[in-house]
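The values are calculated or read from the model by the stated rules, or taken from the named source; none is laboratory data. Please read these numbers as outputs of a predicted model, since none were measured by experiment. Here the Cβ is made from the backbone with ideal geometry for all residues, glycine too, and neighbour counts use every protein chain on show.
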Amino acid sequence: MSSFLEDANFLQMSPDDFTHAQDEEAMHLDLFVQLMAQFYECGWMKGTGGALGCIAQDKLFISPSALQKERLKT
């Protein structure tokens, strides 16, 4: 199994490759954790529910895959 760190397409990606609205709040850890709780409440991620990730500015946020998302804390 190859790692995304060895994937040329991943290594060449930058935040500028993705369009976004300027009026959106910048992603940060507290907001990412709030989203996990909201996804749980909507029924989109039940139980441990796998993982979710996003790229924001120069950061990569990835939720843990073996923990209940509604219980995440910063």
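Values for this structure:
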| quantity | calculated |
| --- | --- |
| Any hit, the stretch 51-61, residues being at pLDDT 80 or above, more than 12 Å from the chain's Cα centre (by Cα) and among the hydrophobic types (A, V, I, L, M, F, W, C) | no |
| Any hit, the stretch 30-44, residues being aliphatic (A, V, I, L, M), assigned to a loop (DSSP other than H, G, I, E, B) and modelled with pLDDT of 75 or more | no |
| Any pair with Cβ under 6 angstrom, 6 or more apart, that starts in the stretch 24-48 at a residue that is within 27 Å of residue 58 (Cα to Cα) and in contact (Cβ under 8 Å) with a residue 40 or more places away in the chain and ends at one that is surrounded by fewer than 11 Cβ atoms within 10 Å (Cβ to Cβ) and not aliphatic (A, V, I, L, M) | 29/74; 30/74; 33/74 |
| In the stretch 17-29, residue nearest to the chain's Cα centre (by Cα) [restricted to those that are modelled with pLDDT of 75 or more and loosely packed, with under 13 Cβ neighbours inside 10 Å] | 29 |
